[in-house]
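Q: My structure is below; once you've seen it, I'll send some questions.
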Amino acid sequence: MGMGGWSVPAVLAIAGSDSSGGAGIQADIKTISAHGLFAETAITALTAQNTCGVRDVMEATPEMVAEQIDAVFEDIPPAAVKVGMVPSAAIAEAIAARLERWGARNVVVDPVMVATSGARLMGDDAASALVARLLPLARVITPNIPEASALLGEPVRNEDEQELAALALAGRLGCAVLVKGGHGVADASDVLVESAVEDEGAPRVTWLRAPRVETANTHGTGCTLSSAIACGLAEGRELPEAVARAKDYLTGALSAGLDLGHGSGPVDHLWRQRAGSRA
């Protein structure tokens, strides 16, 4: 560190790159930067995509993913880690092995199994490796309703089932689970279940309610929320507060009314900075 230097918590994003800048590693970097923290990355795949869809994907080798993670931890160890797109079982295994080796803390896993469009984004072998190896390392996972449904193997149709799904997954995986509404459910209410907190014995259930923001521009919302949660944890916040603040950040980014592209456009990651400059 230089003379009289200062430092800031780092957050590592392990995810795929989105050429159109709204999701994936680009959303992660923008979100982490907007929170005033230092973004580091390990890129799992290149994608050629825009707001209208994904054209092509080129996976990194598992060795290259592992090397990126080692390089980061050897030099600027992150205070939190966000894991997004895991394109194969071999890459899931490589990520898990490295995170274990480095004793990574505050790991947030966004199990990106189902796109907003409903398309499945990973094969069965990758999904089972994600569940067996990566999810147990997480402090919290952030499935949307289709993903919670895929992880559980049963439908999630209403708020009661949303809460039951979160409880079941938390019990099975031993980590906290945030099941996000917003997919087909009337409002954007999310439920956070934390496994038994200290002496309480029973899991702690927290509902986080927010009005649904009417916009078609929702590209990268999952990436953005999970990175914002990782930022809160990196700052030393407790999980419910980190999640609540992340949700406020995403609601603002959705409400800002940014309108780019011909399809489902990106959210405004810098809405707070813009609001400040307009004030």
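The values are calculated or read from the model by the stated rules, or taken from the named source; none is laboratory data. Given the structure is predicted, the values throughout are model-derived calculations rather than measurements. In this analysis, Cβ positions are derived from the backbone assuming ideal geometry, glycine residues included, and neighbour counts consider all displayed protein chains. Side chains are part of the model used for accessible areas, which takes the heavy atoms of the whole protein and leaves out ligands, DNA and RNA. Shrake-Rupley method; radii C 1.70, N 1.55, O 1.52, S 1.80 Å.
Q: Limited to the stretch 132-145, what total is found for residues that are part of a loop (DSSP other than H, G, I, E, B) and not β-branched (Val, Ile, Thr)?
A: So the first thing to find is which residues in the stretch 132-145 are part of a loop (DSSP other than H, G, I, E, B), and the list is 138-139, 142-143.
After this cut, where a residue has to be not β-branched (Val, Ile, Thr) as well, the list is 138-139, 143.
Within the stretch 132-145, residues that are part of a loop (DSSP other than H, G, I, E, B) and not β-branched (Val, Ile, Thr) number 3.
Q: OK, next. What residue, among those in the stretch 25-62 that are open to solvent by less than 10 Å² (accessible area, probe 1.4 Å) and of a type outside the set (Val, Ile, Thr), is nearest to the chain's Cα centre (by Cα)?
A: Taking the stretch 25-62 first, the residues open to solvent by less than 10 Å² (accessible area, probe 1.4 Å) are 25, 27-28, 31-32, 42, 44-45.
Okay, now just the ones that are also of a type outside the set (Val, Ile, Thr), so 27-28, 42, 45.
On the way: 27: 10, 28: 8, 42: 14, 45: 16 Å.
My answer is 28.
Q: Shifting gears a bit: I'm told residue 260 meets every condition in (1) open to solvent by less than 60 Å² (accessible area, probe 1.4 Å); (2) more than 23 Å from residue 159 (Cβ to Cβ); (3) out of contact with any helix residue (DSSP H, G or I) (no Cβ under 7 Å at 6 or more places or on another chain) except one. Can you identify the failing condition by its number?
A: (1)
Q: Pick from the stretch 80-95 the residues that are assigned to a loop (DSSP other than H, G, I, E, B) and open to solvent by less than 10 Å² (accessible area, probe 1.4 Å): which of them is nearest to residue 45 (Cα to Cα)?
A: Step one: filter the stretch 80-95 for residues assigned to a loop (DSSP other than H, G, I, E, B), giving 84-88.
From the residues that got through so far, the ones that are open to solvent by less than 10 Å² (accessible area, probe 1.4 Å) too are 84, 86.
Working: 84: 11, 86: 8 Å.
Among residues in the stretch 80-95 that are assigned to a loop (DSSP other than H, G, I, E, B) and open to solvent by less than 10 Å² (accessible area, probe 1.4 Å), the one nearest to residue 45 (Cα to Cα) is 86.
Q: Residue check: is residue 107 open to solvent by less than 50 Å² (accessible area, probe 1.4 Å), farther than 24 Å from residue 272 by Cα, under 17 Å from the mean Cα position of the chain (by Cα) and in contact (Cβ under 8 Å) with a residue 24 or more places away in the chain? Outline the logic, then answer.
A: Values: open to solvent by less than 50 Å² (accessible area, probe 1.4 Å): yes; farther than 24 Å from residue 272 by Cα: yes; under 17 Å from the mean Cα position of the chain (by Cα): yes; in contact (Cβ under 8 Å) with a residue 24 or more places away in the chain: yes.
Yes: the conditions hold for residue 107.
Q: Can you tell me which condition residue 131 does not meet? The list is (1) more than 23 Å from residue 58 (Cβ to Cβ); (2) surrounded by 24 or more Cβ atoms within 10 Å (Cβ to Cβ), and all the others hold.
A: So residue 131 meets the others, but not (2).
Q: Free of Cβ contacts under 8 Å to residues at least 60 places away in the same chain, within 26 Å of residue 102 (Cα to Cα) and either open to solvent by less than 10 Å² (accessible area, probe 1.4 Å) or of a type in the set (Gly, Ala, Ser) (or both): which single residue out of 15, 71 fits that description? Steps first, answer last, please.
A: On the way: 15 fails: free of Cβ contacts under 8 Å to residues at least 60 places away in the same chain.
From the options 15, 71, the qualifying one is 71.
Q: Go through the stretch 72-127 and report how many residues are among the basic types (Lys, Arg) and modelled with pLDDT under 95.
A: First, the residues of the stretch 72-127 that are among the basic types (Lys, Arg): 82, 98, 101, 105, 120.
So of that shortlist, the ones also modelled with pLDDT under 95 come out as 120.
The qualifying residues number 1.
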